[in-house]
Amino acid sequence: MFVKNDTSFEKLYYNGKIGTIVDIDEDIIHVRCDGDSDDIAVTMVVWQNYKYSIDEETSEISETEIGSFTQHPLKLAWAITIHKSQGLTFEKAIIDASSAFAHGQVYVALSRCKTIEGMILSSPLSAQCIKNDSTVQEFSRSVEQNPPTAALLTAAKIEYQQLLVTELFDFSPIQRRLNYCMKLLKENYSVVFGDIHEQFDRMSASLKADIIEVNNRFNVQLQQLLHRNIDIEQNEELQERISKASAYYVDKTETIFAPVINKISIETDNKAVRKAIATATDKLHTEIAIKLACLNACQNGFNVKNYVDTKAKASIEKPASKPAKQKADQPTTIAPENQTLADRLKAWRTEKFNSLNVPAYVVLPQKALVELANQLPCTPTQLKAIKGFGKTRIAQFGGEILDIIINYRNENGITAEPQPAEETEIPKKEKVDTKQTSFDMFMAGMSVEMIAKERQMAVTTIEGHIAHYVKTGDIDVNRLVSPHKIELISTYFMNTDTLMLGPAKEALGDEISYSDLKMVLSYLQHTGLVKMN
């Protein structure tokens, strides 16, 4: 019996075909089958086992061969189990299904033969060997007793049309994606440079004014028309409204998003932050591309099949233009006339972090590089005024950086501005206690998240401020952490040799956050139950 289909163009045999071996010649087996004029010369064929996966970049299904074997596609045909016969096709078969024990087993056995004439039952089929699934029986009975009427089918069709049209003019998915991008940018405000924050703020404001608010009014009118329960595809008034609305929203969506979303530049030295923001903006870009594809498809009227096909295709395709991803050391806010200096500083930084085997931001943060290229400091005091330059960095790299900038100044005839006689004694502004500001806002009833948003700081920074006052006893830890968590965390820290948060988080699990750990540890320090080394 053949156990594989012939994949050659001749198609000499198929899975389940019966014959007799008449000759064996080295690696060729000659098989004679009833009804064939010539014997079949059977050579070895290959069976391959594949593993399938979805490519994250292209969203296409890719296959990988994980194994194979080679043999003649033949086996003895004196008997085969019903289970093993699945997929086979027989001209003739003697069937014994009297001991069938699984659902569908008798069906598999009887459906192997091409004709009733070629089928022989060696034993009767009793009611016990035909297994019926009660769920399937109940479903079949329900369908037979309650066939859908023409009115029901029409109502379901109209309901589905209404669902798709409502979805077409629903911009909340785009708004949620955009809000999440803005949330990431605000949480990482101090490490993301450039004007990307302002670009997203402008997109959000335009989305709200030109699309969301307009759409809220339009949807009221649309729902009134949809409640008439009419066939949308056949209604000229609805088709006209949908066409005009689609054209309007295509124009507004492209105007608001295209200038920004197609050339997003993420300036940061933090790889994790860059990846998170890039992923979020990619998803926003995809959401916009799907919406635009659907709106464009409906500018000439709404059709269910056209809409569904368009959305499905847009969902698996990458947007035509992908948001640009900013390289770690490529500044975009440097004055054009100073780009040469920026390139020299980048080259110096690359040489340094490679030789020292440290991240680039340890040598020279991106924001500091931008300021150096724009401010052109030429004295230690001016260098100290650059954000990110403390005593340690100036001691390590200050001399080399100033040499690069002074040489650039000399080459381009840029003179230094006169400095005060006592250059090192620069009057300092009265320093505001930033922790005190956060404390005052917290005591006024604002949450940590609200304070972070108001002050445009990271949530973790505000948590550090509040933890300071928990440690001093000015803030009750019970206002921040539940009694159950306080007891759990306290027990852990009082019975361990380390006060590091990482091991504590791993030991206590997802129920406990880093914020909980930080607050309770500050409380334990205040009470004297634990002491920091």
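The values are calculated or read from the model by the stated rules, or taken from the named source; none is laboratory data. It should be emphasised that the depicted structure is a prediction, and the values quoted were computed from it without experimental measurement. For neighbour counting, all protein chains shown are included, and Cβ atoms are generated from backbone atoms with ideal geometry for every residue, glycine included.
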Of the residues 102, 79, 97, only one is among the aliphatic types (A, V, I, L, M), surrounded by 15 or more Cβ atoms within 10 Å (Cβ to Cβ), assigned by TED's automatic domain parsing to the domain that holds residue 117 and under 30 Å from residue 133 (Cα atoms); which?
97
Can you name every residue in region 207-243 that is part of a helix (DSSP H, G or I) and among the aliphatic types (A, V, I, L, M)?
207, 209, 211, 212, 214, 220, 222, 225, 226, 232, 238, 242
Picking from 204, 246, which residue would you name as being in a helix (DSSP H, G or I), over 30 Å from residue 371 (Cβ atoms), at pLDDT 90 or above and of a type in the set (Ser, Thr, Tyr)?
246
Please identify the pairs in which a residue from region 391-413 that is among the charged types (D, E, K, R) has its Cβ atom under 6 Å from the Cβ atom of a residue that is loosely packed, with under 12 Cβ neighbours inside 10 Å, counting only partners at least 6 apart or on another chain.
none
Boolean, residue 462 is modelled with pLDDT of 85 or more and touching a Ser or Thr at 6+ places or on another chain (Cβ under 7 Å)
yes
Given (1) crowded, with 19+ Cβ neighbours inside 10 Å; (2) within 16 Å of the chain's Cα centre (by Cα); (3) of a type outside the set (A, V, I, L, M, F, W, C), where does residue 173 come up short, assuming only one miss?
(1)
Let me spell it out: the conditions are (1) out of contact with any Ser or Thr (no Cβ under 9 Å at 6 or more places or on another chain); (2) assigned by TED's automatic domain parsing to the domain that holds residue 109, and residue 31 meets all of them except one. Which number is the exception?
(1)
Quick check on residue 502: is it in a helix (DSSP H, G or I) and over 17 Å from residue 439 (Cβ atoms)?
yes
Pick from 8, 37: which is outside the structural domain of residue 113 (by TED's automatic domain parsing), exposed (fewer than 12 other Cβ atoms within 10 Å of the Cβ), over 30 Å from residue 316 (Cβ atoms) and out of contact with any His (no Cβ under 6 Å at 6 or more places or on another chain)?
8
Residues that are more than 15 Å from residue 519 (Cβ to Cβ) and without any contact (Cβ under 8 Å) to a residue 40 or more places away in the chain: does region 462-473 have at least one?
no
I need the full set of residues from region 364-385 which are of a type in the set (A, V, I, L, M), crowded, with 20+ Cβ neighbours inside 10 Å and not in a helix (DSSP H, G or I), in order please.
364
Those residues of region 11-34 which are touching a residue at least 24 places away in the same chain (Cβ under 8 Å) and surrounded by 12 or more Cβ atoms within 10 Å (Cβ to Cβ) amount to 12, 13, 14, 15, 16, 17, 18, 21, 29, 31
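Matching residues to (1) at pLDDT below 65; (2) surrounded by 12 or more Cβ atoms within 10 Å (Cβ to Cβ); (3) among the charged types (D, E, K, R):
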| residue | (1), (2), (3) |
| --- | --- |
| 309 | no, yes, yes |
| 313 | no, yes, yes |
| 318 | no, yes, yes |
| 325 | yes, yes, yes |
| 333 | yes, yes, no |
| 336 | yes, no, no |
| 344 | no, yes, yes |
